Amino acid sequence: MSIYQPSPKPYRQNRWRNNDWRLFLRLVPYARRTSKLLFVAILLLLPLALANAVQPLLIGQAVSLIRNEPSTYEFLRNRPLLQGLQILEGLLLAMIVLRLILTGVQGYILQKIGQNITAGIRQDLFHHVTSLAVRFFDRTPVGKLVTRLTSDVEVLGDVFSTGAIGIVADVFSMLVIVGLMFSIQWQLAFLLLVMLIPITWLTISFQRRYRKANYKSREELSMLNSQLQENVLGINVVQLFRRERYNANLFRATNQRYNQLVDETIFYDSAVSATLEWIGLIAIAGVLGLGGWLLLGNNLTFGTLSAFILYAQRLFDPLRDFAEKFTVIQSGFTAMERVSDILDEPIEISDRINPRISVLDAQFGYIDEIIANLESQDTDTQPSLGEIRFEHVWFAYKDDDYVIRDLNFVIRPGEKIALVGPTGAGKSSIIRLLCRLYEPTQGRILVDGVDIRELPQAELRRYMAVILQEGFLFAGDVKSNITLGDYYTFEEIQAAAEKTNIAEFIEQLPASYNTQLRERGTNLSSGQKQLLAFARAAIRNPQILVLDEATASLDVGTEALVQQALNELLKRRTAIIIAHRLSTIRNVDRIFVLKRGELIEQGSHEELLKSGGLYSTLHNLQMLGT
């Protein structure tokens, strides 16, 4: 279990100033996918702003009409008081109903746009993450990725929909209100406009601090999720070594840091709201003071003053919404920045676009047909495909820390090779390089004379099958765990199970091939999971088969059963076998002995024993231990 320490990425104060626009533009392609909805949402801004801005004006006209003031509109002045009030009441009711309807429609559209954006980003992020090289996952905690794919992505939809469009709506509403105020009484309008200057400065100041605190809190949340994921996956070790209290203390410390950072974001968010409330009250007091003075000088009517008091409230309502939406946008930009870190991660291993692929199709594009032809031949016929060649291959997980050093060897078609050596000799690294989970630092690897970097990854991995020491199963039924999304008939699935001698085991499951397996196959034993891995490899009929200590989790009886199936599966196929029990590899064609990434010995079991080298030493030590 690792001990987590807070190590958030250094935050630069001016970083978001330079990148916010770029981050926002990354959302535009996702919004374009719902361009029609976006157009309708923008189209509703004008009637919404007018319906909101006209209401104080109608109330002011009602006051002027009752007091028979000169500011009353002409079409109302010549009507009876009751009729004029009824007209104003009808208009006011129509504006309220219109605003409620348009607000509901626009809210629904914006939420739909936000969800579409969120779904698109989540899909692209998942696709990108699953396309990254294994090296990326070696250095990235799973909890961090989960946070990016869930909580961070959820925030992004609001950035464009509720946030960006909402701010445009608020600004548009404020412009309409300011325009109407200046058309009615410029002194009071100018007073309210001046009040916007300090609130704008304070809002920007608080939002900068909010963005910085929010960024740190999201980093701490990733750490929290990483610790939770690690403890869940390692629950056996946690409980066996009594780490519950120690890990709880580690989690508590991280949780407290996260809580403190969230409190800081809440403080700045609340500070913006409180500031707006105070300035809103000051604005109303200013309107009453200046309006009272103008009223005494007969330069203002009660109806106009009433309208401006309402306008003072309405002017700051969009500002309150603006502040809330600005907070949403700041949170979204923080999330987008973190998601962008993943999306910008380069795909280290990708297919090359080169003209040799069309030539290779004849050799690799119809693998099933080639293998079928091979199987129809006599069992003693030497296969022509499956040659593996390592040419001066060097590899390091970290810079200059080589685990593979100048490796040169050739495995002939149909040959059975075993890789042996002490821990850290580079056996598993050879397999990872061959499957192109990593790229060689130097040198090249060829399959049937073709550099594997020139082959499409899908074709390369169809050409070979790998059975690892621990079989991994997905949540789903037994059939889907054998086919792994590829199309095979039920008869082919049964044939693969029969070929690997596990059909009887599957038939004994509660629902046979339709038995539902839990996450990671926790309702099966380790040996049963491994048996399904054998069927998974057999159904693909590979030309190259790789076994990485594949029978280690099987009991003696099951191993004998599977070994019989393996003997059939290995016929006319190139095979690479990693084994720690040297007694299981006596019948291979050659044994490669590795030490610190170098090939120091090779030969048959008897030849290596006679040479008295490292293999002989390892064999004798194992014999003494039995």
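Taken over the range 582-624, residues that are among the charged types (D, E, K, R) and closer than 18 Å to GLY424 by Cα amount to 4. Is at least one residue of the range 240-252 without any contact (Cβ under 8 Å) to a residue 24 or more places away in the chain and outside any helix (DSSP H, G or I)? Yes. Of all residue pairs spaced 6 or more apart or on separate chains, those with beta-carbon atoms under 6 Å, a first member in the range 142-157 that is over 15 Å from ASN214 (Cβ atoms) and assigned by TED's automatic domain parsing to the domain that holds ARG338 and a second member that is among the basic types (Lys, Arg) and assigned to a helix (DSSP H, G or I) are VAL153/ARG122. Might you let me know whether the range 139-148 holds any residue that is buried (at least 21 other Cβ atoms within 10 Å of the Cβ) and closer than 17 Å to ILE329 by Cβ? There is no residue in the range 139-148 that is buried (at least 21 other Cβ atoms within 10 Å of the Cβ) and closer than 17 Å to ILE329 by Cβ. Comparison of TYR215, TYR210 shows that the only residue that is over 24 Å from THR140 (Cα atoms) and either modelled with pLDDT of 75 or more or assigned to a helix (DSSP H, G or I) (or both) is TYR210. May I ask you to verify whether LEU524 is surrounded by 15 or more Cβ atoms within 10 Å (Cβ to Cβ) and over 30 Å from ASN236 (Cβ atoms)? So LEU524 does not fit the description; no. Out of the range 253-277, which residues are of a type in the set (Gly, Ala, Ser) and either buried (at least 17 other Cβ atoms within 10 Å of the Cβ) or touching a residue at least 40 places away in the same chain (Cβ under 8 Å) (or both)? Within the range 253-277, ALA271, SER273 meet the criteria. Counting only helices (runs of 4 or more DSSP H) that fall entirely inside the range 32-90 and contain at least 1 residues that are in the same structural domain as PHE302 (by TED's automatic domain parsing), of a type in the set (A, V, I, L, M) and closer than 21 Å to GLY179 by Cα, the qualifying elements are 35-43, 45-67.
Okay, residues lined up against (1) in contact with a strand residue (DSSP E or B) (Cβ under 7 Å, 6 or more places away or on another chain); (2) among the polar types (S, T, N, Q); (3) farther than 30 Å from PHE251 by Cα:
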{"residue": "PHE136", "(1), (2), (3)": "no, no, no"}
{"residue": "ARG148", "(1), (2), (3)": "no, no, no"}
{"residue": "ASP152", "(1), (2), (3)": "no, no, no"}
{"residue": "ASP170", "(1), (2), (3)": "no, no, yes"}
{"residue": "SER173", "(1), (2), (3)": "no, yes, yes"}
{"residue": "LEU188", "(1), (2), (3)": "no, no, yes"}
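Against the definition (over 23 Å from the mean Cα position of the chain (by Cα), assigned to a helix (DSSP H, G or I) and crowded, with 19+ Cβ neighbours inside 10 Å), how does ASP158 come out, yes or no?
Working: over 23 Å from the mean Cα position of the chain (by Cα): no; assigned to a helix (DSSP H, G or I): yes; crowded, with 19+ Cβ neighbours inside 10 Å: yes.
When the stated conditions are applied, ASP158 does not pass them.
Residues that are surrounded by fewer than 21 Cβ atoms within 10 Å (Cβ to Cβ) and at pLDDT 85 or above, at least 3 per element: which strands (runs of 3 or more DSSP E) completely within the range 384-481 meet that? Those strands (runs of 3 or more DSSP E) span 388-398, 401-411, 442-447. Take the conditions (1) without any contact (Cβ under 8 Å) to a residue 24 or more places away in the chain; (2) under 26 Å from the mean Cα position of the chain (by Cα); ASP124 misses just one of them, which is (1). Going through (1) surrounded by 15 or more Cβ atoms within 10 Å (Cβ to Cβ); (2) more than 30 Å from MET336 (Cα to Cα); (3) touching a residue at least 60 places away in the same chain (Cβ under 8 Å) one by one, PRO70 falls short only on (1).
With respect to GLY114, is the statement that it is crowded, with 18+ Cβ neighbours inside 10 Å, more than 30 Å from LEU45 (Cβ to Cβ) and assigned by TED's automatic domain parsing to the domain that holds ARG218 true? Full working, then the answer.
On the way: crowded, with 18+ Cβ neighbours inside 10 Å: yes; more than 30 Å from LEU45 (Cβ to Cβ): no; assigned by TED's automatic domain parsing to the domain that holds ARG218: yes.
For GLY114, the condition - crowded, with 18+ Cβ neighbours inside 10 Å, more than 30 Å from LEU45 (Cβ to Cβ) and assigned by TED's automatic domain parsing to the domain that holds ARG218 - is not met.
The values are calculated or read from the model by the stated rules, or taken from the named source; none is laboratory data. Keep in mind that what you see is a predicted model, and the values were worked out from it rather than measured. Virtual Cβ from ideal backbone geometry, glycine too; neighbours counted across all protein chains shown.
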